[in-house]
Structure formats: C-alpha cells, structure tokens
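What follows is a single structure, written as structure tokens, with notes after it.
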Amino acid sequence: MHMRLHYGLFFLMVVSLLASAEARGEAPAAGAIVEIADGVIHPGEVFTVLTYAAPRAVRLGDTGLREAGLTAGAFPRVADEIRIFTSREVSESAPLARIWINERQEGAYWFLTGGEGDAADFVIPEGAMVVIWTRAAKNPVTWQNAFE
C-alpha cells in the first residue's frame, strides 16, 4: 500500500511539473507522462493520458486514433501503442490490452496483449484509463477526444 501511495504522489508530481513545462512552451521529454490538452497527443516516446476513466464503453475502431495519425509500424516496437487499463487504480499493473497499428495488416489495430489479431472491435470499458505511448510519432497528433 505504501508503494502505491508513493507511486501515486510521484505520478501527480511528474504531471504537475510537465504541465508547467508545457505552459512555458517546452515539449515533454521522452518517457514523460502528460494529460491530453487541446486534443494534442505528444510525440517522442511520451505517454499521453487520454482519459483516467472512460465515461462510457467505446469500441476502439470508433475512437478515431488511427485516423488522427498515430504511427503504424511493421512491428510493435516501431509503432505507437495504445494501453488500456481497467481503471486508474490499477495503472501500475499490466494493462487490460496493449494495441498497436499494424502496417503489415493494412493499418489495422492489432493486439500486442489482451487478445489476438485485429483489435478494432475491442471495447474499451466504462471507467477504463487509456494511455498512448508515442514510440514512433515524430510530430504531434491532433485528436478529437472520443471520451468527452
């Protein structure tokens, strides 16, 4: 329990420091955890939190993330990744699903964990936390937040 509290406080501290850096016009550093603001998903190996608790269940194929410009790749390590956690409280545990955009499968959402093959019909459950890891994106991705 003590470690969870420590992690939670550390997470909040990092987010607040990054928010002040963004307010000064600085780009988040690789490995940073930031909240989505003005629809911008940050490039450069940044973790962007899209929602801490999805207000309703949403089919992944209906999120518009791929169409917004997340980077596809021939392999997961060279593509952006979508991580879905059952809730914010378990975000330090393994995600419910890890999904990437597979350019070898015509740009399909593809399970890395949490299922097999095409992930377009995967339903992000109500209350889920959704995070994008821009492993490959070199430019910001502007996205219409499907969770608002």
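Quick notes on this structure:
- Summing +1 for each Lys or Arg and -1 for each Asp or Glu among the other residues whose beta-carbon sits under 13 angstrom from that of residue 81 gives +3.
- For the pair residue 104 and residue 88, the difference between a 0.36 nm per residue extended length and the Cα-Cα distance amounts to 2.5 nm.
- Whether the stretch 71-148 is rounded, prolate or oblate, judged on the alpha carbon gyration tensor where a/c under 1.5 counts as rounded: prolate
- Each Lys and Arg adds +1 at its Cβ and each Asp and Glu adds -1 at its Cβ; summed about the Cα centre, the stretch 57-113 shows a dipole of about 100 debye.
- Residue-wise HN-Hα coupling along the stretch 53-58, computed from phi with Karplus coefficients 6.51, -1.76, 1.60 (Hz; x: Gly, Pro): 7, 4, x, 7, 5, 9
Since every read-out is calculated from the coordinates, none of them should be taken as a lab result. In this text the structure is predicted, and so the values were computed from the model without any measurement. Using ideal geometry, Cβ is built from the backbone for each residue, glycine included, and neighbour counts are taken over all protein chains shown.
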